[in-house]
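The values are calculated or read from the model by the stated rules, or taken from the named source; none is laboratory data. Everything quoted here is computed from the prediction, not taken from an experiment. A quick note on method: Cβ atoms are made from the backbone with ideal geometry, for glycine too, and the neighbour counts reach across all protein chains shown. These accessible areas exclude ligands, DNA and RNA; they are computed on the full protein's heavy atoms, side chains included. Shrake-Rupley method; radii C 1.70, N 1.55, O 1.52, S 1.80 Å.
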Amino acid sequence: RMSGATLRKCISLLVYRGKLFSPEHSTSCSYHKKVVDHYENPRNVGSLDKNAQNVGTGLVGAPACGDVMKLQIQVDDNGKIVDAKFKTFGCGSAIASSSLATELVKGKSVDEALTIKNTDIAKELCLPPVKLHCSMLAEDAIKAALSDYRLKQDKKEVLGEARA
Amino acid sequence: MFMIQVPRVSMLRVNTLRVLCRTGTLLQTGWSLKDRQSLSRAVTCALQCCVSTDSSSIRSLQQQFVPQDRGDKRDVRVRHLCTAQVCLTCWNCQHPLKQKPAFFCESCEVVQPPPEDTSYFSILECDCTFTLDTLKLQKKYLQLQRLLHPDNFSQKSEREQGYSESQSALVNKAYETLLKPLSRGLYMLELQGLNIEEGTDSAVNSELLMELMEINEALDAVETPQEANEIGQDTKGKLADLTEQIDTALNKGELQTAKALLTKMKYFANIEEKVKEKLSSFM
């Protein structure tokens, strides 16, 4: 969660630019509104137990801007993602992208979640071109979490076979 | 014997035509782009040799024979073709500009347009090294701004005002970049053609990312300025270490190592910023 001071600064900047309260154009969406929504009402901020068998953890960073993103998924016995949590330290677009990512993965199967693309995230949030890499980071975080989960399942299988 | 074939004769003035004939410049319509470029230089040189030329005829000739597909608009500058290298001249008095970069003409003291292809290090008269005397840098910066700042040019011509603005902005940019170790290091890599790509860093640096996550989460959870300060001090220490390591790597010419270290520095510099924000939120 962003600190209050940063949040206040961002909001005041948006108000100053007149974008926070400006009317929406009929043809294009106002990305600020959607991104700000994720600031003010963050969904799924937090952590899951990374040592749990059915939890996959994805940890990614963007060297160019220094953003760090953690996304975790909890999968049930049927291979369906029942919970997801994130923690992102970076710009507003990165926070919004990962917040949206957790919303998108919930309810999907592990295979379905693999098909989530950064373009879906960018489109939904109406990210400007300069912030497209934030949605890329979120897609990579999802993939990293799924990959971690897969690795754990494979290990479990191997151990299970060894015991049998 | 050279043959001269000039298209659109009516656009050229008669004395300019005479210049071409006199210096025996060869023109052909089927020449390659490379030839045309050297031709435009030859034409410019030819015009230099002649006494009676004025800027409008030079301009019309440049329009005729300089490749149009360049797309960039440049000031029409008259160049002396010295035997050593192409020297720039003052736009006002045509005195050669020997200094590089030349902010002012040595002869008429008029401000010059900002230098092209000059590194920030030479603009601020510093050696191109990672360790920098920031006090010396600041002194040079202030000295330059005292001379170049647009406030000093309010009574001068529009052209001079424009040049002073661009020069002043360039000096600002150079100073900002060279002042902080991170931007300085990144700029030095850029000069060598190495950039930090937009992309993701996951498996490669998972230990570092975990460490960064932990520090960020701890910072998020602090409840007193003292706790925030502790993290701040710790981060400062890490940044100082990294600065040393980067210096070593750059001195040895180990660019990839320097790039990896600068990436790490970026993450910690962000944390340092967040510490400052956290501390100000307590006030």
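For the reader, a short list of remarks on this structure follows.
- Any chance B:Thr235 is surrounded by fewer than 19 Cβ atoms within 10 Å (Cβ to Cβ), part of a helix (DSSP H, G or I) and more than 12 Å from every other protein chain (Cβ to nearest Cβ): no
- All of B:Tyr175, B:Tyr163 fail the test of being in contact with a strand residue (DSSP E or B) (Cβ under 6 Å, 6 or more places away or on another chain) and away from every other protein chain (no Cβ under 14 Å), apart from B:Tyr163.
- Boolean, B:Leu219 is more than 9 Å from chain A (Cβ to nearest Cβ), within 27 Å of A:Gly58 (Cβ to Cβ) and either open to solvent by less than 50 Å² (accessible area, probe 1.4 Å) or not in a helix (DSSP H, G or I) (or both): no
- Residue that is away from every other protein chain (no Cβ under 14 Å) and surrounded by 18 or more Cβ atoms within 10 Å (Cβ to Cβ), where the choices are A:Val60, A:Val82, A:Val35: A:Val35
Residues are listed down the side, and each one gets a yes or a no for (1) open to solvent by 30 Å² or more (accessible area, probe 1.4 Å); (2) under 31 Å from the mean Cα position of the chain (by Cα):
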| residue | (1), (2) |
| --- | --- |
| B:Thr177 | no, yes |
| B:Met188 | no, yes |
| B:Glu198 | yes, yes |
| B:Gln226 | yes, no |
| B:Thr243 | yes, yes |
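- Where A:Pro63 falls short, out of the listed (1) over 10 Å from the mean Cα position of the chain (by Cα); (2) over 27 Å from B:Asn270 (Cα atoms): (2)
- Count - residues of segment B:139-168 that are of a type outside the set (Asp, Glu) and surrounded by fewer than 14 Cβ atoms within 10 Å (Cβ to Cβ): 7
- Selection over segment A:98-129 of residues that are in contact with a Ser or Thr (Cβ under 9 Å, 6 or more places away or on another chain) and among the β-branched types (Val, Ile, Thr) gives a count of 2.
Yes or no, residue by residue, for (1) aliphatic (A, V, I, L, M); (2) more than 13 Å from every other protein chain (Cβ to nearest Cβ):
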site	(1), (2)
B:Leu209	yes, no
B:Glu244	no, yes
B:Gly253	no, yes
B:Lys266	no, no
B:Glu277	no, no
B:Ser281	no, no
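- Where A:Glu103 falls short, out of the listed (1) within 12 Å of chain B (Cβ to nearest Cβ); (2) charged (D, E, K, R); (3) in a helix (DSSP H, G or I); (4) more than 17 Å from B:Glu198 (Cβ to Cβ): (1)
- Unmet requirement for B:Ala203, which otherwise passes all of (1) at pLDDT below 95; (2) open to solvent by 60 Å² or more (accessible area, probe 1.4 Å); (3) closer than 25 Å to B:Leu142 by Cα: (3)
- Looking only at segment B:178-207, and only at residues there that are of a type in the set (Gly, Ala, Ser) and not in a helix (DSSP H, G or I), the one that is farthest from the other protein chains (Cβ to nearest Cβ): B:Gly193
- Qualifying residue in segment A:146-161 (condition: part of a helix (DSSP H, G or I), open to solvent by 10 Å² or more (accessible area, probe 1.4 Å), touching a residue at least 60 places away in the same chain (Cβ under 8 Å) and in contact with a Gly (Cβ under 6 Å, 6 or more places away or on another chain)): yes
- Count of segment B:117-135 residues which are free of Cβ contacts under 8 Å to residues at least 12 places away in the same chain and either touching a Cys at 6+ places or on another chain (Cβ under 7 Å) or assigned to a loop (DSSP other than H, G, I, E, B) (or both): 3
- Residues that are open to solvent by 40 Å² or more (accessible area, probe 1.4 Å) and of a type outside the set (D, E, K, R), drawn from segment B:206-216: B:Ser206, B:Met210
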